[in-house]
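Notes follow once the structure below has been shown.
The values are calculated or read from the model by the stated rules, or taken from the named source; none is laboratory data. Since we're looking at a predicted model, the values are computed, not measured. Because the Cβ atoms are built from the backbone with ideal geometry, glycine has one as well, and the counts that use them run over all protein chains shown.
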Amino acid sequence: MSSELNLILLGPPGAGKGTQAERLTFDFNLPYIATGNILRGAVRDETALGKEAKSYMAKGELVPDSVITGVILEALNSADARDGFLLDGFPRTLPQADALALGLQDADRRLTAVILIDVPDEEVQRRLSGRRVSVKTGRVYHVEFDPPKHEGRCDIDGSRLVQRDDDKPETIAKRLAVYHAETEPLTEYYDARGLLRRFDGTRAPTEVHDHIRATIATLRLEDEL
Ligand code: AMP
(Lines give C-alpha, C1' and ligand atoms only; values in the text may rest on other atoms or scores of the structure.)
Protein backbone atom coordinates (compact mmCIF):
# COMPACT_ATOMS: atom_id res chain seq x y z
CA MET A 1 0.00 0.00 0.00
CA SER A 2 1.40 3.39 -0.91
CA SER A 3 1.64 6.00 1.81
CA GLU A 4 1.65 9.06 -0.43
CA LEU A 5 -0.28 12.03 0.97
CA ASN A 6 -2.65 13.45 -1.59
CA LEU A 7 -4.41 16.34 0.11
CA ILE A 8 -6.91 19.06 -0.78
CA LEU A 9 -7.40 22.29 1.18
CA LEU A 10 -10.97 23.55 1.02
CA GLY A 11 -12.59 26.66 2.49
CA PRO A 12 -13.77 30.16 1.67
CA PRO A 13 -11.36 32.88 0.53
CA GLY A 14 -9.59 34.31 3.57
CA ALA A 15 -9.89 31.11 5.63
CA GLY A 16 -6.13 30.96 6.02
CA LYS A 17 -5.50 28.18 3.50
CA GLY A 18 -2.28 29.79 2.25
CA THR A 19 -0.94 30.20 5.79
CA GLN A 20 -1.70 26.60 6.70
CA ALA A 21 -0.36 25.33 3.38
CA GLU A 22 2.97 26.98 4.05
CA ARG A 23 3.30 25.10 7.34
CA LEU A 24 1.95 21.76 6.10
CA THR A 25 4.13 21.59 3.01
CA PHE A 26 7.08 22.09 5.36
CA ASP A 27 5.87 19.46 7.89
CA PHE A 28 5.19 16.77 5.31
CA ASN A 29 7.52 17.80 2.52
CA LEU A 30 4.77 18.13 -0.07
CA PRO A 31 4.66 20.19 -3.25
CA TYR A 32 2.11 23.02 -2.95
CA ILE A 33 -0.14 23.50 -5.94
CA ALA A 34 -2.26 26.65 -5.59
CA THR A 35 -4.44 27.53 -8.56
CA GLY A 36 -4.76 31.19 -7.47
CA ASN A 37 -0.96 31.56 -7.50
CA ILE A 38 -0.61 29.73 -10.82
CA LEU A 39 -3.27 31.95 -12.39
CA ARG A 40 -1.89 35.22 -10.94
CA GLY A 41 1.55 34.22 -12.28
CA ALA A 42 0.04 33.55 -15.71
CA VAL A 43 -1.70 36.94 -15.70
CA ARG A 44 1.55 38.66 -14.71
CA ASP A 45 3.50 36.84 -17.43
CA GLU A 46 0.72 37.50 -19.96
CA THR A 47 0.60 33.87 -21.11
CA ALA A 48 -2.36 32.47 -23.07
CA LEU A 49 -3.74 31.06 -19.80
CA GLY A 50 -3.34 34.44 -18.09
CA LYS A 51 -5.09 36.30 -20.89
CA GLU A 52 -8.00 33.91 -20.68
CA ALA A 53 -8.26 34.05 -16.86
CA LYS A 54 -7.71 37.75 -16.19
CA SER A 55 -11.20 39.20 -16.59
CA TYR A 56 -12.86 36.42 -14.58
CA MET A 57 -10.42 36.85 -11.71
CA ALA A 58 -10.79 40.62 -11.53
CA LYS A 59 -14.56 40.19 -11.16
CA GLY A 60 -14.26 37.47 -8.50
CA GLU A 61 -15.75 34.88 -10.87
CA LEU A 62 -14.36 31.42 -11.54
CA VAL A 63 -12.40 30.78 -14.72
CA PRO A 64 -14.12 28.08 -16.83
CA ASP A 65 -13.55 24.46 -15.72
CA SER A 66 -12.02 23.56 -19.08
CA VAL A 67 -9.34 26.23 -18.64
CA ILE A 68 -8.14 25.20 -15.20
CA THR A 69 -8.64 21.41 -15.14
CA GLY A 70 -5.96 20.55 -17.72
CA VAL A 71 -3.42 22.75 -15.98
CA ILE A 72 -3.95 20.99 -12.65
CA LEU A 73 -4.03 17.43 -13.96
CA GLU A 74 -0.74 18.13 -15.71
CA ALA A 75 0.77 19.50 -12.49
CA LEU A 76 -0.33 16.39 -10.57
CA ASN A 77 1.32 14.14 -13.13
CA SER A 78 4.63 16.00 -12.94
CA ALA A 79 7.62 14.30 -11.33
CA ASP A 80 7.39 16.79 -8.47
CA ALA A 81 3.94 15.64 -7.37
CA ARG A 82 4.36 11.91 -7.95
CA ASP A 83 4.79 11.12 -4.24
CA GLY A 84 2.04 13.39 -2.94
CA PHE A 85 0.64 16.91 -3.16
CA LEU A 86 -1.24 19.66 -1.36
CA LEU A 87 -3.85 21.24 -3.61
CA ASP A 88 -5.23 24.68 -2.73
CA GLY A 89 -8.01 26.29 -4.74
CA PHE A 90 -8.86 23.20 -6.77
CA PRO A 91 -11.38 21.66 -7.16
CA ARG A 92 -13.80 24.56 -6.86
CA THR A 93 -16.80 23.03 -8.67
CA LEU A 94 -18.38 19.57 -8.88
CA PRO A 95 -17.23 19.05 -12.51
CA GLN A 96 -13.67 19.88 -11.39
CA ALA A 97 -13.97 17.32 -8.57
CA ASP A 98 -15.18 14.67 -11.03
CA ALA A 99 -12.33 15.47 -13.42
CA LEU A 100 -9.83 15.17 -10.58
CA ALA A 101 -11.29 11.83 -9.45
CA LEU A 102 -10.96 10.46 -13.00
CA GLY A 103 -7.43 11.79 -13.42
CA LEU A 104 -6.29 10.20 -10.16
CA GLN A 105 -8.04 6.94 -10.97
CA ASP A 106 -6.27 6.78 -14.34
CA ALA A 107 -2.96 7.12 -12.50
CA ASP A 108 -4.02 4.49 -9.93
CA ARG A 109 -3.93 7.04 -7.14
CA ARG A 110 -6.45 8.22 -4.59
CA LEU A 111 -7.06 11.17 -2.28
CA THR A 112 -5.92 10.85 1.34
CA ALA A 113 -8.14 13.59 2.78
CA VAL A 114 -9.93 16.87 2.12
CA ILE A 115 -9.18 19.48 4.78
CA LEU A 116 -11.99 21.98 5.21
CA ILE A 117 -11.07 25.20 7.01
CA ASP A 118 -14.33 26.83 8.00
CA VAL A 119 -14.77 30.58 8.61
CA PRO A 120 -18.06 32.55 8.66
CA ASP A 121 -18.73 35.21 6.00
CA GLU A 122 -18.43 38.24 8.35
CA GLU A 123 -14.96 37.12 9.41
CA VAL A 124 -13.90 36.65 5.75
CA GLN A 125 -15.09 40.20 4.99
CA ARG A 126 -13.11 41.56 7.93
CA ARG A 127 -9.93 39.66 7.05
CA LEU A 128 -9.89 40.38 3.32
CA SER A 129 -11.11 43.98 3.31
CA GLY A 130 -8.34 44.92 5.78
CA ARG A 131 -5.60 43.21 3.78
CA ARG A 132 -2.96 45.50 2.20
CA VAL A 133 0.02 44.56 0.11
CA SER A 134 3.19 46.45 -0.72
CA VAL A 135 3.48 47.34 -4.41
CA LYS A 136 7.23 46.68 -4.25
CA THR A 137 8.04 43.98 -1.69
CA GLY A 138 4.80 41.97 -1.87
CA ARG A 139 4.69 41.85 1.94
CA VAL A 140 1.12 41.47 3.19
CA TYR A 141 -0.33 43.51 6.10
CA HIS A 142 -3.70 43.85 7.78
CA VAL A 143 -4.93 47.26 8.92
CA GLU A 144 -6.37 45.75 12.10
CA PHE A 145 -4.47 42.51 12.85
CA ASP A 146 -1.00 43.22 11.46
CA PRO A 147 -0.66 46.95 10.73
CA PRO A 148 2.50 48.52 9.31
CA LYS A 149 4.49 50.87 11.57
CA HIS A 150 3.49 53.87 9.41
CA GLU A 151 0.04 53.89 7.86
CA GLY A 152 0.01 53.00 4.16
CA ARG A 153 3.77 52.33 4.02
CA CYS A 154 5.74 49.06 3.94
CA ASP A 155 7.98 48.46 6.99
CA ILE A 156 10.74 47.10 4.77
CA ASP A 157 11.30 49.97 2.34
CA GLY A 158 8.50 52.50 2.86
CA SER A 159 6.86 51.54 -0.44
CA ARG A 160 3.14 52.18 -0.91
CA LEU A 161 0.56 49.68 0.37
CA VAL A 162 -2.42 48.93 -1.87
CA GLN A 163 -5.51 46.78 -1.79
CA ARG A 164 -5.67 43.85 -4.25
CA ASP A 165 -8.51 44.43 -6.75
CA ASP A 166 -10.27 41.26 -5.66
CA ASP A 167 -10.07 42.33 -1.97
CA LYS A 168 -12.41 45.29 -2.58
CA PRO A 169 -15.66 44.80 -0.61
CA GLU A 170 -17.89 44.29 -3.70
CA THR A 171 -15.54 41.66 -5.09
CA ILE A 172 -15.23 39.88 -1.73
CA ALA A 173 -19.02 39.61 -1.59
CA LYS A 174 -18.98 38.14 -5.11
CA ARG A 175 -16.23 35.64 -4.24
CA LEU A 176 -18.20 34.53 -1.17
CA ALA A 177 -21.38 34.11 -3.21
CA VAL A 178 -19.46 32.02 -5.76
CA TYR A 179 -17.96 29.96 -2.93
CA HIS A 180 -21.36 29.14 -1.44
CA ALA A 181 -22.97 28.38 -4.80
CA GLU A 182 -20.19 26.48 -6.58
CA THR A 183 -17.63 25.24 -4.07
CA GLU A 184 -19.50 24.52 -0.84
CA PRO A 185 -21.38 21.55 -2.40
CA LEU A 186 -17.97 19.85 -2.50
CA THR A 187 -18.07 19.45 1.29
CA GLU A 188 -21.02 17.09 0.93
CA TYR A 189 -19.43 15.38 -2.06
CA TYR A 190 -16.26 14.55 -0.12
CA ASP A 191 -18.08 13.82 3.14
CA ALA A 192 -20.13 11.19 1.30
CA ARG A 193 -16.83 9.61 0.22
CA GLY A 194 -15.48 9.57 3.78
CA LEU A 195 -12.69 12.03 2.95
CA LEU A 196 -13.77 15.29 4.62
CA ARG A 197 -12.06 16.57 7.79
CA ARG A 198 -13.38 19.84 9.28
CA PHE A 199 -11.34 22.48 11.14
CA ASP A 200 -12.41 25.71 12.83
CA GLY A 201 -10.60 28.48 10.93
CA THR A 202 -11.54 31.17 13.46
CA ARG A 203 -8.96 29.75 15.90
CA ALA A 204 -5.41 31.10 16.04
CA PRO A 205 -3.30 29.95 13.06
CA THR A 206 -0.99 27.90 15.33
CA GLU A 207 -3.92 26.07 16.85
CA VAL A 208 -5.47 25.33 13.45
CA HIS A 209 -2.10 24.06 12.29
CA ASP A 210 -1.66 21.76 15.33
CA HIS A 211 -5.06 20.19 14.73
CA ILE A 212 -4.53 19.63 11.02
CA ARG A 213 -1.03 18.26 11.47
CA ALA A 214 -2.19 15.76 14.10
CA THR A 215 -5.02 14.59 11.83
CA ILE A 216 -2.74 14.10 8.84
CA ALA A 217 -0.14 12.26 10.92
CA THR A 218 -2.84 9.87 12.12
CA LEU A 219 -4.15 9.32 8.60
CA ARG A 220 -0.68 8.49 7.38
CA LEU A 221 -0.11 6.03 10.21
CA GLU A 222 -3.40 4.29 9.45
CA ASP A 223 -2.38 4.07 5.82
CA GLU A 224 0.94 2.46 6.64
CA LEU A 225 -0.48 -0.16 8.99
P1 AMP B 1 -7.62 32.30 -5.00
O2 AMP B 1 -6.30 32.97 -4.82
O3 AMP B 1 -7.57 30.81 -4.75
O4 AMP B 1 -8.73 32.97 -4.24
O5 AMP B 1 -7.98 32.43 -6.56
C6 AMP B 1 -8.10 33.69 -7.18
C7 AMP B 1 -9.01 33.61 -8.40
O8 AMP B 1 -8.49 32.68 -9.36
C9 AMP B 1 -10.43 33.11 -8.13
O10 AMP B 1 -11.28 34.13 -7.66
C11 AMP B 1 -10.84 32.60 -9.51
O12 AMP B 1 -11.15 33.66 -10.38
C13 AMP B 1 -9.55 31.97 -10.00
N14 AMP B 1 -9.47 30.53 -9.64
C15 AMP B 1 -8.59 29.96 -8.77
N16 AMP B 1 -8.77 28.63 -8.69
C17 AMP B 1 -9.80 28.34 -9.54
C18 AMP B 1 -10.48 27.14 -9.91
N19 AMP B 1 -10.17 25.93 -9.39
N20 AMP B 1 -11.49 27.22 -10.82
C21 AMP B 1 -11.83 28.39 -11.35
N22 AMP B 1 -11.25 29.56 -11.04
C23 AMP B 1 -10.24 29.55 -10.15
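Here Arg139, Arg127 are screened, and the one residue that is basic (Lys, Arg), over 22 Å from Ala58 (Cβ atoms), at pLDDT below 95 and touching a strand residue (DSSP E or B) at 6+ places or on another chain (Cβ under 8 Å) is Arg139. Being in a helix (DSSP H, G or I), of a type in the set (Lys, Arg) and either within 16 Å of the ligand (Cβ to nearest atom) or within 26 Å of Arg203 (Cα to Cα) (or both) is a description that applies to Arg126.
Restricted to segment 57-70, and to residues there that are loosely packed, with under 15 Cβ neighbours inside 10 Å and without any contact (Cβ under 8 Å) to a residue 40 or more places away in the chain, the residue that is nearest to the ligand (Cβ to nearest atom) is Pro64.
Residues in segment 129-157 that are in contact with a Gly (Cβ under 6 Å, 6 or more places away or on another chain) and outside any strand (DSSP E or B): Val143, Glu144. Checking Leu39, Leu87 one by one, the residue that is touching a Leu at 6+ places or on another chain (Cβ under 9 Å), aliphatic (A, V, I, L, M) and closer than 30 Å to Asp223 by Cβ is Leu87 and no other.
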